Amino acid sequence: MPGNEQMIEGRNAVLEALRAERSVDRVLIQDGAREGALGSIIREVKKHPETKLEFVQKKKLDDLSQTGRHQGVIAWTAAYDYASVDDILAKARAKGEDPFVFILDGIEDPHNLGAIIRTANLCGAHGVIIRLNRAVGLTAIVSKASAGALNYT
C-alpha cells in the first residue's frame with residue numbers, strides 16, 4: 001500500500017467513502033458475501049469504473065485488517081486531507097452559519113476520535129480540530145469508528 005493511500009475497513013466506512021465520492025482505488029470483499037450492506041458496496045463500486053473490485057477469502061481480509069473487525073470489506077482510498085481552521089470557518093460562512101467546531105487536545109485513542117467525529121457530524125459541526133502532535137491521526141480505526149462520518153466532517 002503506497003504511503004499516499006489510506007486503508008479503511010467496515011461496511012459503513014467503505015460505503016460512505018464511495019457515496020462521498022472519495023477516490024477509492026481498490027475494494028476487497030469477502031468471497032461469497034454479497035447480501036445487505038456488502039451488496040450495496042458492490043453496486044456503488046460498479047458506479048466507479050476506476051475502482052478495482054476483488055473477492056477474496058476471509059483469511060486475506062483477516063491478515064490485512066488493522067482493526068480486527070473488517071466486516072467482510074477493506075478498501076484503499078486517497079489519504080484523508082486535513083483542513084485548516086480557515087477552511088472550517090469558510091465552510092460555516094458559506095452556509096451562513098456561526099462556526100460550530102469541536103476542538104480536541106491529546107486524543108490518543110482512535111476509537112474515541114472516530115466516535116467524536118461521528119458525533120460532530122450528527123450535531124452539524126463544521127469541523128473537528130485536532131493537534132498535529134499528541135493526537136492520533138486519521139487511521140483505519142478512526143475511519144471505522146466514525147462509521148463513515150470522516151468523509152463528511
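The values are calculated or read from the model by the stated rules, or taken from the named source; none is laboratory data. Since this is a predicted model, take the numbers as computed values, not measurements. Glycine also receives a Cβ, built like all others from the backbone with ideal geometry; neighbour counts cover every protein chain displayed. Note: accessible area is taken over every heavy atom of the protein model, side chains too, but ligands, DNA and RNA are not part of it. Shrake-Rupley method; radii C 1.70, N 1.55, O 1.52, S 1.80 Å.
Counting only residues that are in contact with a Pro (Cβ under 9 Å, 6 or more places away or on another chain) and not in a loop (DSSP other than H, G, I, E, B), the range 90-132 holds 4 of them. The number of residues in the range 56-111 that are small (Gly, Ala, Ser) and more than 30 Å from Gly36 (Cβ to Cβ) comes to 7. Taking the range 98-153 as the range and being of a type in the set (A, V, I, L, M), open to solvent by 80 Å² or more (accessible area, probe 1.4 Å) and modelled with pLDDT of 75 or more as the test, the residues that pass are Ile103, Leu122.
Among the residues of the range 32-53, those identified as touching an Asp or Glu at 6+ places or on another chain (Cβ under 9 Å) and open to solvent by less than 90 Å² (accessible area, probe 1.4 Å) are His48, Thr51.
Summed over the range 68-89, residues that are part of a loop (DSSP other than H, G, I, E, B) and surrounded by 13 or more Cβ atoms within 10 Å (Cβ to Cβ) total 6.
Determine whether the range 32-50 contains at least one residue that is of a type in the set (A, V, I, L, M, F, W, C) and assigned to a strand (DSSP E or B).
Here is the first cut: in the range 32-50, the ones of a type in the set (A, V, I, L, M, F, W, C) are 33, 37-38, 41-42, 45.
Retained after the next criterion (residues that are assigned to a strand (DSSP E or B)): none.
Looking for residues that are of a type in the set (A, V, I, L, M, F, W, C) and assigned to a strand (DSSP E or B), one finds none in the range 32-50, hence no.
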